[in-house]
Amino acid sequence: MDLNHIEAIIFDAEGVVVNTEALWDKSQDVLLGRRGLDYDRDYLKPKMAGQTLLEGAQLMVDYYGLDESAAFIEQERKVLIHDLFENDIMFIDGFLSFMGGLQQSPLKTSIATAMNKSLMELVESKLNLINIFGEHIYYIEDVGNKSKPSPDVFLYAAEKMGINPSNCLVIEDAPHGIEAANAAGMTSVGIVTTFDKKQLLNADFIADDFVEIKSLLVQSGVNFNSK
């Protein structure tokens, strides 16, 4: 499969544009540590990726048999992660260079994320994402809170950009996101920032980093700046 049909790139936010996954892990460690529990990352991480704060909280309540409500856990998660985002948020390595290289390309770009909107707005403010994506930042709140692996947020982003879904490339770091991209009829690239390659095998392409993604696009004729 080549990429010469691609007219737009849709980025997941967490683990693709912004380096949040270690912060989520830290917040889970703290939240569960307060209850004398260990965070089972191998089990929970793939299931929680692409889910809302409430859905992730419900997964923890069910898995650990917590006697607290998912809504209560959701609010505690939100406070913890807000503080971490406020102090430690940064871009994924290679992302800014990749975007800079697309300046002369006709490709459209957008973000389609399951991140809580208030948290994402904090990220937008801290990292000036509007200067990169303009108005093309989309949330699952825009599609009735239908989380990935539902394809709705990706289809919504394509519609807003005026691009046929079959001409969109999705860059994702999580199994649920890959599943959503495939269900949308889009080409998918799994970037190995959060999960290992064996968990991203359903992607059309797998890349270790943005340098590899750039190479895939260049091989298909996409023009990158020399910088």
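Please treat every number below as a calculation from the coordinates, not as lab data. Since this is a predicted model, take the numbers as computed values, not measurements. As a convention, Cβ positions derive from the backbone with ideal geometry for all residues, glycine included, and neighbour counts pool all protein chains shown.
Qualifying GluC sites (Glu not before Pro) in region 111-204, where qualification requires a DSSP coil assignment and no more than 11 other C-beta atoms within 10 Å, comprise Glu135. Simple rule: put +1 on each Lys or Arg Cβ and -1 on each Asp or Glu Cβ in region 1-128, find the dipole, and look at Val17, Thr52, Gly36; the Cα lying farthest toward the positive end is Val17.
When +1 charges are put on Lys and Arg Cβ atoms and -1 charges on Asp and Glu Cβ atoms, the dipole computed for the chain relative to its Cα centre reaches about 360 debye.
Backbone phi angles across region 43-59, fed through the Karplus curve with coefficients 6.51, -1.76 and 1.60 (θ = phi - 60°), yield HN-Hα couplings of 7, 7, 4, x, 6, 8, 4, x, 9, 6, 4, 5, 5, x, 4, 5, 4 Hz in residue order; Gly and Pro are listed as x.
With the largest listed first and rounded to whole Å, the semi-axes of the equivalent ellipsoid of region 68-130 from the Cα gyration tensor are 30, 13, 9.
Summary value for the chain: 27 percent relative contact order, contacts being C-alpha pairs under 8 angstrom separated by 6+ residues.
Global size of region 21-88: 10.9, 32 Å for Rg and Dmax (C-alpha atoms, Rg to one decimal, Dmax whole). Relative to the longest principal axis of the Cα atoms of the chain, helix 152-161 runs at roughly 40 degrees. Translational diffusion of the chain, estimated by Stokes-Einstein from the Kirkwood radius over alpha carbon pairs at 4 °C in a medium of 1.567 mPa s, is 73 µm² per second. Normalised by 2.2 N^0.38 Å, with N the number of residues, the alpha-carbon radius of gyration of region 159-227 equals 1.14.
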